[in-house]
Amino acid sequence: MSKVLMNEQQLREQMVTLARSMFERGYATGGAGNLSIKLPNGHFLATPTGSSFGRLIAEELSVVDIDGNHISGKKPSKEAAFHLAIYRNNEECNAIVHLHSTYLTALSCLEGLDGNNAIKAFTPYFVMRIGELPVIPYLRPGDPKIAEELAKRAGDYRAFLLANHGPVVTGTDFVDAVDNAEELEETAKLAFLLKDKDIRYLTDEEVMDLKVRGK
């Protein structure tokens, strides 16, 4: 069954509702993180600079075009540029969630992470929703090079971990992006809970089977 297409007002309300839900459940604090959704007209809805997920107002959300020009609403987050870099290089991406969530941000601060995949698969849900989690080397927040690094990888991955910063997670729509982000944060939490334990990781064959079958 095909998904029901939502108009701009519905997408604005959806962003406000799900952002507040993430805020209330501890996935975001203060004015940290940012969100975006591709609109039916090809423009993009984005959270304003410095805005809190818990206090977004539908009418004040930013709208930008694919080149980053500010169309309407409040001034967009400076990190909207890296959202647009992903959209330009991944046609299947229709929404992006960038969090400073506790466990993924903690993970991003660790030395010695596998740059190709920061979390070795130990649950099927991580594989089905995320697959692999490549690490983007540290760059200061707002650095244009973040967009360049994400653009190189955007077509091959659903999520990314910005070193010493936090996760960037994509989705086929906003609900999918939020679900992916929450699954990824839960996986990072489990990884810390299992630290120094004998983890039974999924085998290469098990991972491949999950990827072939899809979500």
Seminar exercise, completed: When the chain is treated as a Gaussian network with springs between alpha carbons less than 10 Å apart, the largest mean-square fluctuation among 194, 139, 45 is found at 194
Exercise. Roughly how many nanometres apart are two label points built 7 Å out from the Cα toward the Cβ at residue 71 and residue 52?
Worked result: 2.9 nm
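Under the definition of Cα pairs under 8 Å and six or more residues apart, what whole-number percent is the relative contact order of region 8-213?
Relative contact order comes out at 20 percent.
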Exercise. How much mean residue ellipticity at 222 nm does the chain get from its helices, if each DSSP H run of length 4 or more adds -39500 (n - 2.57) and you divide by all residues, to the nearest 500 deg cm²/dmol?
Worked result: -11500 deg cm²/dmol
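Bear in mind these aren't lab numbers, they're just calculated from the coordinates by the rules spelled out. Here the structure is a predicted model, which means the values were calculated and not measured. We place every Cβ from the backbone using ideal geometry, glycine too, and count neighbours over all the protein chains shown.
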